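As structure tokens, the structure follows; a few thoughts come after it.
The values are calculated or read from the model by the stated rules, or taken from the named source; none is laboratory data. Note that the structure is predicted; figures quoted are calculated from it, not measured. In this analysis, Cβ positions are derived from the backbone assuming ideal geometry, glycine residues included, and neighbour counts consider all displayed protein chains. Surface areas here come from the heavy atoms of the whole protein model, side chains and all, with no ligands, DNA or RNA. Shrake-Rupley method; radii C 1.70, N 1.55, O 1.52, S 1.80 Å.
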Amino acid sequence: MDTHKRNLMSQSILMVTIFMIFINHSSCTFHGSSGVEKLDTVVEEAEDHLAYPSTSDWIEELNDGMEDDEWQLVQKKGNQFVVNDQPFYVNGFNTYWLMVFAADKSTRGKVTDTFKQAFSVGLTVCRTWAFNDGQWRALQKSPSVYDEEVFKGLDFVISEARKYKIRLILSLTNNWDAYGGKSQYVKWGKAAGLNLTSDDDFFSHPTLKSYYKAHVKTVLNRVNTLTNITYKDDPTVFAWELMNEPRCTSDPSGDKLQDWIQEMAVYVKSLDPKHLVEIGLEGFYGPSAPGRVQFNPNTYAQQVGTDFIRNHQVLGVDFASVHIYADSWISQSISDLHLQFTKSWMEAHIEDAEKYLGMPVVFSEFGVSSKDPGYNSSFRDTLLSTVYKTILNSTKKGGSGGGSLLWQLFPEGTDYMDDGYAIILSKSPSTSNIIALHSTRLALFNSRCSWKSHWGCRKKNPLETFPLYYDDL
């Protein structure tokens, strides 16, 4: 590693170290100290940490200092996430293939590498697949028939995430063909002699719904072979996601998908009332909100059978999910229109989450492809900064902007799997610094006061003197 890269990596580590040390120092009782003095102390201690010979040593020492009783379930109070009665705003990432890589000893180390890199820039939540239906390296080879070695791979993912203080959003199936998804359930149904005409029969046919429910039950009741903790009791699980990007284009009214969401959210909660549940939606507005369809990226978006506000008013759904892909929805060619759309799309959903839903919203996929015409890494950095600024504008008001998950984080040596959206931190120092700085800012919010103050703490704190945005520095 050359000197320039080493300096950039040190800056990233310093940012994260600052927020971890700040957590140990910070409470509302420190209001007698000025913000500048407090940050000076924190930065000095952070620089001391950089004297360690390697990042791994720093991580190990930091983990040793965190007690097991601090690792509690994430909960929801009003429109915010909390852990141990402390606010918990999310800076996270997606890496969908972790289970499949963990199932093979030759690639298992890439799972550890992913979590190490994520931890080094303060990322606290990972979204990944808890399904692989009937495909290569399938978890579920046929309905209710599982490959134990692949399940042990998922055990490893959960166990390893815990070591790096990363919580998991586990998605339970896919709208798309990758990793099986609803089309595979329909294939299984046809093989069993069912008269099925559309992949959307997944949402309505009793037998296919029973296949899905059986999978949900199997995953939630799984006892981890490495930790001996049942998944539904494990605080490492942030939330269960019903499906990745559900759509039901055969019913633009949205009724068919709405019924499925209602049934499955209640079913998951009947098995596991403790963990949070979310749907996995992209966030498109539908027939129930004609005044909001103006925010959709195109007219087709309101014809795919989803309905953001209506879908999230279902009993059992704890927080809203939204995806952001201007380069897929607006135009593939990079332009400032992508940034304008991203900001207005986020602000509209944060407002709806506050006004109509009373719950947090997580922007659970966002990114830009290096394959897009006109792409450059500077634009990607600007996109990340736009997302992070919009989250912070909500966060500082105690709003519903609960966090974001970039798509997607890859370790070195996995370039062959890159769909164009992969971020390899060691090869992207400027992006790495933006991510780490956002982690720092969210950690300051998370540690500023206990939930008992309900954001009523008006005492001076270092956040007021800490630069809010990347370009303030």
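If you go through region 295-322, how many residues are in contact with a Gly (Cβ under 6 Å, 6 or more places away or on another chain) and open to solvent by 10 Å² or more (accessible area, probe 1.4 Å)?
Within region 295-322, residues that are in contact with a Gly (Cβ under 6 Å, 6 or more places away or on another chain) and open to solvent by 10 Å² or more (accessible area, probe 1.4 Å) number 1.
Only residues that are out of contact with any helix residue (DSSP H, G or I) (no Cβ under 7 Å at 6 or more places or on another chain) and open to solvent by 30 Å² or more (accessible area, probe 1.4 Å): list them for region 176-191, please.
Trp176, Ala178, Tyr179, Lys187, Lys190, Ala191
I'd like the full set of residues that are of a type in the set (Val, Ile, Thr) and either in a helix (DSSP H, G or I) or open to solvent by 20 Å² or more (accessible area, probe 1.4 Å) (or both), limited to region 323-359.
Within region 323-359, the first condition is being of a type in the set (Val, Ile, Thr), and the residues that meet it are 324, 330, 334, 342, 350.
Within region 323-359, Ile330, Ile334, Thr342, Ile350 meet the criteria.
For region 71-122, give me each residue that is within 23 Å of Ile229 (Cβ to Cβ), in a strand (DSSP E or B) and modelled with pLDDT of 95 or more.
If the condition is that a residue be within 23 Å of Ile229 (Cβ to Cβ), in a strand (DSSP E or B) and modelled with pLDDT of 95 or more, then Gln75, Lys76, Phe81, Val82, Val83, Val90, Gly92 are the ones that fit.
For region 250-277, which residues satisfy the criterion of being in a loop (DSSP other than H, G, I, E, B) and in contact with a strand residue (DSSP E or B) (Cβ under 8 Å, 6 or more places away or on another chain)?
Step one: of region 250-277, the residues in a loop (DSSP other than H, G, I, E, B) are 250-254, 272-275.
Residues satisfying the conditions are Asp272, His275.
Within region 385-395, which residues are crowded, with 22+ Cβ neighbours inside 10 Å and farther than 21 Å from His312 by Cβ?
Tyr388
Here are some residues: Lys209, Lys232. Which one is closer than 23 Å to Gln72 by Cα and not in a loop (DSSP other than H, G, I, E, B)?
Numbers: Lys209 fails: closer than 23 Å to Gln72 by Cα.
After applying the criteria, what remains is Lys232.
Name every residue in region 92-124 that is open to solvent by 10 Å² or more (accessible area, probe 1.4 Å) and aromatic (Phe, Trp, Tyr), in order of residue number.
Matches in region 92-124: Tyr96, Phe101, Phe119.
Looking at Gly280, Gly305, which one is in contact with a Cys (Cβ under 6 Å, 6 or more places away or on another chain) and not in a helix (DSSP H, G or I)?
Numbers: Gly280 fails: in contact with a Cys (Cβ under 6 Å, 6 or more places away or on another chain).
Of the residues listed, the single one that is in contact with a Cys (Cβ under 6 Å, 6 or more places away or on another chain) and not in a helix (DSSP H, G or I) is Gly305.
Could you grab me the full set of residues in region 396-415 that are in contact (Cβ under 8 Å) with a residue 40 or more places away in the chain and open to solvent by 10 Å² or more (accessible area, probe 1.4 Å)? Reasoning before the result, please.
The first filter runs over region 396-415 and keeps only residues in contact (Cβ under 8 Å) with a residue 40 or more places away in the chain, leaving 396, 398-414.
Selection gives Lys396, Gly398, Trp407, Glu412, Gly413.
Just name the residue that is farthest from Glu241 (Cα to Cα) out of those in region 333-368 that are of a type in the set (Val, Ile, Thr) and in contact with a helix residue (DSSP H, G or I) (Cβ under 8 Å, 6 or more places away or on another chain). First the steps, then the outcome.
Kept after step one, since they are of a type in the set (Val, Ile, Thr), are these residues of region 333-368: 334, 342, 350, 361-362, 368.
When the remaining residues are screened for being in contact with a helix residue (DSSP H, G or I) (Cβ under 8 Å, 6 or more places away or on another chain), the result is 334, 342, 350, 361, 368.
Details: Ile334: 31, Thr342: 23, Ile350: 20, Val361: 13, Val368: 23 Å.
Result: Ile334.
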